[in-house]
Each structure stands twice: as C-alpha cells, then as structure tokens.
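The values are calculated or read from the model by the stated rules, or taken from the named source; none is laboratory data. The structure presented is a predicted model; accordingly, all values stated were derived computationally and were not measured. Every residue, glycine as well, gets a Cβ built from its backbone with ideal geometry; the counts of neighbours run over all protein chains shown. Ligands, DNA and RNA are stripped out before the accessible areas are found, and what is left, the full protein with its side chains, is counted by its heavy atoms. Shrake-Rupley method; radii C 1.70, N 1.55, O 1.52, S 1.80 Å.
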Amino acid sequence: MRIITHTLGCRVNHYESQMIREKLQGLPGQGELHVVNTCAVTGLAARKGRKLIRKLRREHPRALIVAVGCQATDSPEELRNAGADLVVPNRDKARIREIILAHLKGGTVQTRSWPSLAGERIARDTEQIRANLKVQDGCSVGCTFCKTWQVRGPLRSKPPAVAREEAECLAAAGHPELVICGVNLAQYGRDLPGRPTLVDLLHEMLQVPGIRIRLSSLNPEGVTRELISLFAEEPRLCPYLHVPLQSGDDRILQRMGRPYTAAEYRERIGEFLEKVPKATFGADVMVGFPGEDEAAFRRTYKLLEELQPLRLHIFPFSPRPGTPAAAFPHQVPPAVKRERARTLEELGKALSRRVQERFLGQVLRPILEERVDGMWRGHAENYIIVALPYVGYPRGTILPARLTEVRESFSVGVMEDNGDL
Ligand code: SF4
C-alpha cells in the first residue's frame, strides 16, 4: 500500500506522524492510504483538518483515509462526516497498524488504556534534519482556553534511558540536532519512578556524542534555576527557549488558569538571558482573551517590549467548545482581536530585528537546512536563521558563521575560516 501522511499542529504531532510512517512500512494491500494527523488547538486548526479530509476524499475517491490525533479524539463524527473511513484517537495512535489491518478485514480493535511512552520510538526523521524527539505527553494544568489537555490523556514520560537510546539512534541516522518535545515538558517525569526532572533527562541526553540538543516549547514553571545553570555551562544545549507567556496581565493570567505571574515570567526569562551565553527566547501570546481590556493588552505589549523575544507567535483567542473560557463573559470583538494581533505582529518584527542586530559581527553556528535563492539557510544555536552563501558542505553540517547583515526574518553571514567545524 502507498502510505501518505499529512500532519497538522505541533512538533509532537510531527514526531507521531514519523512514528506512524515507520509502523505502516510494508503494509500489505493495493492502493493509497492517507493518514491525516489532526490538531484541535484552535478553531482554525480544526477547520483545516475537516477541509483536508474533504479534499482528499474528493481527489482520491478510492483511497483509504484515516484520521488520527487531537481532533480525531475530540470530534470523531465531524471527521467521519468529512469523509474519513477510519478515525483513530490519540490513545490508539501507537496501534495504528493493528487497527488498519483489522479494518481492512472488516473488523475492529478494542481500544485500551493509554500506552506508556517507553514503547514509542522513531529511527529517523524523514521530514527534517533537526529531528523531533518526543519525551512527554499529557498535561494536568487545565488552562481555561485549552482543548489539548482534554484529548492528550494522563501525564506520561519517556524514561531517560529510553530517550537516550532513541537519541543515539537518531544521531547515528545523521541528525546533528535533536529537538526535545512534549505536550508540557515542564511536567516531565512526574509520572515516573523517582520523578526524574527535565534537567535529569538532559544530563542523560548529553551523554550522546555528536549532537546538540534543543528544547521545543517549555512553560515558565519549567524554566528553573537548575535548568538555567545547566544551559549556562553546557554549550551543546541550544541557548534558545520558547516560553509561552499568553498574557502580561496577572488578572488575565489568573482567568486563563496559568500558574505564574507576569513578574515571575520576567524574572525567569531575564535570568536565562543574563546567564546563558548568546541566549535568545521566543514566546506565545494570546490576544483578545475574554476580559482583556486595553490596559491589560498594554501590559502584554510593555512586557514584550522590555524582554525582546526573537520569535513571537500570536494567537487570537479562539473559543473552543467544551472549554470554560468559551463561556466566559466579556468576549472581545473579532475586530479588536485582529487589531491587537496586528499591533503585536508589528512589534514582534521590530523586536526580532533588534535582537538579531545584537549579534552582528559575532560568530554563530547555523545548521545547513535548506537552499533558498542559491544560499544555504538554517537555524543557529540561538535560533536566529542564518543565510550563508553556498559552501560545498552537505545538508546538516553545522558551520561557524559571522553575522554581517540583518534582514527581516533572518540574518546573513559568512563562513568563519578559522572556525572549527
Ligand atoms: S499548559 Fe495549558 S495550554 Fe498547555 S497543554 Fe496544558 S492546559 Fe493546554
């Protein structure tokens, strides 16, 4: 059977699509199988999932279409109505081969309890040179706007030794950078015997030679003193953290159910930027959360202006059915949400440029990821995207490059001759 995967959403979903590709290798049968790994984080993501399935059904009338993932867990009927032959919820993702084989024989498979992550593995990442490595799933924070924790099951963590073994395989498969991801990495290890922390996991991963390690998104409560100290002393840990802020206003943070204040966020990011060489950070911000007035929005704006993120992801509040915030009073009009999002986008671009300018003349170490307009482009250790004139090195090489110019969303550099590779 010809297997095609389509992935919506986060790094965890991309990791799981790779796992699904590996599990479905050599699946017997004729024709095409389209696996759509769906997302439920916003109304837009859910709409994209339905639209994609309708399009696939139209364009591939005889194909087997299987919907998996967060939206498949949250609203399976919607995806069946859109044209999916089979809908597989998150708890059964790892058993997808068994489920499809049973379906092809006209049967079904009983759903079971949520599987441990110790059995989840990938051998390589066929989509990108910086490989995703999932080490955690589930979340118990319960933010009032969030669907994810409702569809991702109980807290589950991949034991450090298992994660290390997987990292060794990915390194051997040629991935020079691993991106550690989870639904809520700040809760890593809470379900494991001895409750190893994220710092313990990183110590284990740092035993793997020949790679650098990046953390994907990490909630503020995970940016601990221990973590900052480890990043300060270990150059193989990429000095970039993506830390969702959501709002710079404490009243709004409380209504969101976020377990930190704006002052705590400022203090942790401030310490990370001060103590870790070449450090930068990124943030997620939600605009238009119910009750967000102009003053609250200004506080968010001011905090971002002060901390200067390299990356800013802006999400207009999207009321998700089944979440408390969808029913909160003082919903913000769409036009106001759009205006606030536009204002933060402008701010984000200006701050990103300012951060990149701080590194002009310095040497960073980008990884050669893709060729754009005859130049190599890739992420440096602190996540600045660096464009380099074509140099005769293969994709995946990490090179020393001195920054010479800042453009809108990336910087230009020249390879540093005397730099060691
Ligand atoms: S921390 Fe909040 S937003 Fe993130 S997955 Fe958990 S409940 Fe959702």
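Percent of accessible area on the chain owned by carbon and sulfur, 1.4 Å probe?
About 53 percent, which is the carbon plus sulfur part of the accessible surface.
Is any residue of region 21-44 close enough, with backbone N under 14 Å, to a label point placed 7 angstrom from the Cα of ASP85 along the Cα-Cβ axis, and if so, which?
27-36
Using a 7 Å offset from the Cα along the Cα-to-Cβ direction at both LEU360 and SER140, what is the distance between the two label points in nm, to one decimal?
Those two pseudo-labels are separated by 5.0 nm.
Among DSSP bridges having both ends in the chain, what percentage is antiparallel? Round to the nearest 5.
Expressed as a percentage, antiparallel bridges in the chain total about 30.
For the residue pair ASP250 and THR126, what label-to-label distance in nm results when each label sits 7 Å from Cα along the Cα-to-beta-carbon direction?
Spacing of the two 7 Å Cα→Cβ label points: 5.2 nm.
Does region 1-152 come out rounded, prolate or oblate by the C-alpha gyration tensor, with a ≥ b ≥ c the root eigenvalues, rounded set by a/c under 1.5 and, if not, prolate when a/b is larger than b/c and oblate if not?
Taking the square roots of the gyration eigenvalues as a ≥ b ≥ c, region 1-152 is rounded.
Please work out the Cα center distance from region 332-360 to region 163-187, rounded to the nearest Å.
Value for the Cα centre distance between the two parts: 31 Å.
If amide hydrogens are placed 1.01 Å from N in the peptide plane, which non-local residues have theirs closer than 5 Å to the one on VAL287?
Under 5 Å from the amide H of VAL287: PHE315, PHE317.
Using only helices, what value at 222 nm comes out for the chain when you add -39,500 (n - 2.57) per DSSP H run of length 4 or more and divide by the total residues, to the nearest 500 deg cm²/dmol?
Helix contribution divided over all residues of the chain: -10500 deg cm²/dmol.
Under 20 °C and 1.002 mPa s, how fast does region 24-86 diffuse according to Stokes-Einstein, given a Kirkwood radius computed over C-alpha pairs? Answer in µm²/s, whole number.
On the way: Rh = 11.8 Å.
Taking Rh from Cα pairs, D becomes 181 µm²/s.
Calculate the spin-label point distance for GLU22 paired with THR111, positioning each point 7 Å from the Cα along the beta-carbon direction, and give it in nanometres.
Each label point is offset 7 Å from its Cα along the Cβ direction, giving 2.6 nm.
Can you compute 3J(HN,Hα) from phi for each residue in region 117-122, using the Karplus curve 6.51 cos²θ - 1.76 cosθ + 1.60 with θ = phi - 60°, rounded to whole Hz and x for Gly and Pro?
Residue by residue, region 117-122 yields 7, 4, x, 8, 9, 10 Hz.
Considering only DSSP beta bridges whose two residues both sit in region 363-415, what percent are antiparallel, to the nearest 5?
Counting DSSP beta bridges with both partners in region 363-415, the antiparallel share is about 90 percent.
Return a whole-number percent for the relative contact order of region 363-415, with Cα pairs under 8 Å and 6 or more residues apart as the contact set.
35
Can you work out the Karplus-derived ³J(HN,Hα) for every residue in region 210-215? Use 6.51 cos²θ - 1.76 cosθ + 1.60 with θ = phi - 60°, whole Hz, and x for glycine or proline.
Couplings: x, 10, 10, 10, 10, 9 Hz.
Using the heavy atoms of the protein chains alone and a 1.4 angstrom probe, what is the accessible area of region 85-170 per residue in square angstrom?
Counting only protein heavy atoms, the per-residue value for region 85-170 is 41 Å².
Give the long-range amide H neighbours of ARG212: residues separated by 5 or more places, or on another chain, with amide H under 5 Å away, using H modelled in the peptide plane at 1.01 Å from N.
Correct list: GLU177, LEU178.
With an 8 Å Cα cut-off and a minimum separation of 6 or more residues, compute the relative contact order for the chain in percent.
The value is 10 percent.
Going by a ≥ b ≥ c, the root eigenvalues of the Cα gyration tensor, does region 363-415 fall in the rounded group (a/c under 1.5), the prolate group (a/b larger than b/c) or the oblate group?
rounded
Which cysteines does the chain leave without a neighbouring Cys Cβ under 4.7 Å?
Unpaired cysteines in the chain: CYS10, CYS39, CYS70, CYS139, CYS169, CYS181, CYS238.
Students often check this: by mean Cβ neighbours within 10 Å, which of 106-113, 229-236 ranks highest, and how do the rest follow?
Peptide ranking by packing, descending: 229-236, 106-113.
Which of GLY43, GLY374, GLY396 ends up with the largest GNM mean-square fluctuation for the chain, with Cα atoms connected below 10 Å?
Taking springs between Cα atoms under 10 Å, the residue moving most is GLY374.
Which residue fluctuates the most in the chain, going by a Gaussian network model with Cα springs under 10 Å, if the choices are ASP200, ASP373, ASP191?
Of the options given, ASP373 has the highest mean-square fluctuation.
Given axes a ≥ b ≥ c from the Cα gyration tensor, I'd like to know whether region 147-282 is rounded (a/c under 1.5), prolate (a/b larger than b/c) or oblate.
Judged from the Cα gyration tensor, region 147-282 comes out oblate (a/c at least 1.5, b/c at or above a/b).
Sequence-distant or interchain residues sharing an amide H contact under 5 Å with LYS134, placed H: which?
The list, which skips near neighbours in sequence, is CYS181.
With θ set to phi - 60°, apply the Karplus curve 6.51 cos²θ - 1.76 cosθ + 1.60 along region 408-415 and write out the HN-Hα couplings as whole Hz, x wherever there is a Gly or Pro.
3, 9, 8, 10, 10, x, 10, 5
Sorted by packing (mean other beta-carbon atoms within 10 Å per residue), highest first, where do 23-35, 88-100 land? Let's see the in-between values first.
On the way: 23-35: 14.2, 88-100: 19.4.
Highest to lowest by the protection proxy: 88-100, 23-35.
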